[in-house]
1. Rg (Å, one decimal) plus Dmax (Å, integer) for the alpha carbons of the chain?
2. Can you find, among 101, 201, 467, the residue sitting farthest towards the positive end of the charge dipole of the chain, where Lys and Arg contribute +1 and Asp and Glu -1 at Cβ?
3. Pull up all non-local amide H partners of residue 427: gap of 5 or more, or a different chain, and H-to-H distance under 5 Å with H placed in the peptide plane.
4. Which semi-axes, in whole Å and largest first, does the equivalent ellipsoid of the stretch 57-211 have when worked out from the alpha carbon gyration tensor as the square roots of 5 times its eigenvalues?
5. With a length cut of 24 Å (Cα positions projected on each helix's long axis) and a Kyte-Doolittle mean of at least 0.0, go through the chain and give me the DSSP H helices that pass.
6. Let me have the relative contact order for the stretch 196-251, percent, based on Cα pairs under 8 Å that are six or more residues apart.
7. Taking the Cα centroid of the stretch 118-133 and of the stretch 382-419, what is the distance between the two, rounded to the nearest whole Å?
8. Of 220, 246, 241, how do they rank once you tally other Cβ atoms within 10 Å and put the fewest first?
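Just so it is clear, none of the values below were taken in a lab; they were calculated from the coordinates. Owing to the predicted nature of the structure, the values given are computational and were not obtained by experimental measurement. Note: ideal-geometry Cβ built from the backbone for every residue, glycine included; neighbour counts use all protein chains shown.
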Amino acid sequence: MPTTPGRSPAVIIAVLCAAGIAVSLMQTIIVPLIPWLPQYLHSSGDNTAWALTATLLTGAVSTPISGRLGDMYGKRLIMVLCLAAVVVGSVVCAMTEQLTPFLIGRALEGFGMGAIALGISMMRDTLPPERLGSGIAAMSSSLGVGGALGLPIAAVIAQAHWHALFWGAGAITLACLVAILLVMPPSPTQRSAGFDYLGALGLAAALTLLLLPLSKGATWGWTTPLTLGLFAAAVIVFALWAAYEWRRDDPLVDLRTTAQRTVALTNAASLATGFALFSMSIIPVQLLMAPALTGNGNGLSMVKAGLFLAPGGLVMFAFSNVGARIIRLFGGRRSLTIGAAVMGLGYLFLLVMLIADWHIGPWHLVAITSIISAGIGMAYAAMPSLIMGAVPLRQTGEANGVNALMRSLGMSSASAIVGMVLATYVIVLQLPSERGGTEPHAFPSNTGYLIATIISLIACVIAVVCASMLRGEVEPVD
């Protein structure tokens with residue numbers, strides 16, 4: 001295991017985790033602005049909704065490609081480029097009130113998502129063995145921590161001036177970029193093979209064809225020819241891309257490595273865990289913000305709701321260290337299994353309260369989201385360790401990029417499926433209008449919450465099953 005003389009492991013971990021949190025903030029800082037973006041950008045709601053979709057698409061496409069480029073040209077270089085894209089994108093968003101440049105800025109911010117997988121791989125290159133497990137666990141959980149903390153922070157700042165969100169995001173990311181250059185050494189592992197441009201183009205096309213209907217299906221209609229056609233095209237392009245990659249001597253994604261039992265099962269668990277993570281972001285915030293007249297809502301503002309959800313991010317970060325200790329003593333499989341089971345326990349508590357028709361107050365949701373976050377922290381801590389224990393050192397960037405992509409796909413699936421369920425089973429209330437009188441507003445019903453929670457619980461069960469099938473595959477890491 002290579003080490004980095006003269007550099008404190010604690011400083012390396014802090015700098016890389018800060019970069020991970022900074023880029024993951026890009027996923028949630030836009031949420032408080034969504035209702036106001038049509039007014040700010042002088043466009044329609046359908047057009048401004050692309051502010052979320054653009055970041056999702058570029059993040060998913062760039063994550064595995066960034067990992068591969070990191071293996072080839074150096075992980076520090078590619079991470080700096082990822083962070084630079086976030087800085088430029090944030091500045092563009094902060095300086096415009098027009099739709100097109102704003103969407104370009106949001107797309108550039110999405111390129112930063114590759115930094116998390118790169119950071120995990122850089123830790124393997126630079127940290128001493130005794131600090132590697134805790135460092136990887138903390139870096140892996142930074143995705144969830146940034147997402148959880150982004151909502152309340154963004155809601156508070158957006159009340160003052162919405163452009164300040166992006167100036168602040170750009171400044172934080174720039175500070176992380178400078179710290180990376182000062183602290184991190186050039187990556188010791190590089191690959192001399194050429195870059196698979198056709199494979200990258202095929203993967204980008206396949207992911208775009210998949211994520212577009214996932215993110216826009218609720219708007220377009222899930223059974224419309226456009227939505228179904230894009231899903232069908234995604235299947236075809238993925239099949240053609242896989243056949244091409246399988247035959248290449250040096251592919252963008254080594255499918256033979258990805259198909260290994262440990263890697264495949266860990267990626268499947270990552271998909272399910274990503275689903276559970278994002279579902280935890282959707283269901284509680286609806287319960288907190290829905291009016292009390294719905295029977296299950298608490299009528300809180302976005303700021304207050306975000307503050308009640310913020311502890312989950314801190315719990316997730318803390319329990320990533322618990323996961324690292326479990327990995328050190330018993331192996332990654334145990335940490336993943338326990339984490340997935342704890343996630344399921346949190347959703348089970350929520351399910352019992354919904355079935356019993358008890359009122360779920362803010363502090364109930366703090367407890368439930370904290371339990372789920374604790375499980376996610378332990379599960380996320382295990383995934384990179386399992387992946388890196390099964391692939392050669394020269395493929396760590398690529399393998400972690402694919403694993404991060406699976407988490408993103410899980411989150412995207414939760415956004416589509418849970419969002420569709422909550423939008424289908426609704427209660428319609430007549431509420432006062434700003435123009436005087438009343439107008440109808442739809443809010444999720446208890447049935448919608450119940451179905452969404454059951455689906456999320458099933459995702460946790462899938463993660464437990466995948467983890468349990470790893471028995472005998474991975475030994476404890478010293």
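1. Values for the chain (Cα only, Rg and Dmax): 21.4, 70 Å.
2. Towards the positive end, the residue furthest out is 467.
3. 443, 445
4. Details: eigenvalues 147, 88, 40 Å².
For the stretch 57-211, the semi-axes come out at 27, 21, 14 Å.
5. On the way: long enough: 50-73 (32 Å, 0.57); 75-94 (28 Å, 2.19); 129-160 (46 Å, 0.98); 162-183 (32 Å, 2.01); 197-220 (33 Å, 1.34); 225-247 (33 Å, 1.33); 261-289 (43 Å, 1.27); 302-330 (41 Å, 1.33); 332-355 (34 Å, 1.54); 362-388 (39 Å, 1.35); 396-424 (42 Å, 0.76); 446-468 (33 Å, 2.03).
Helices meeting the criterion: 50-73, 75-94, 129-160, 162-183, 197-220, 225-247, 261-289, 302-330, 332-355, 362-388, 396-424, 446-468.
6. Numbers: 38 pairs, mean separation 26.8, N = 56.
Answer for the stretch 196-251 is 48 percent.
7. 17 Å
8. Details: 220 16, 246 13, 241 24.
Lowest count first: 246, 220, 241.
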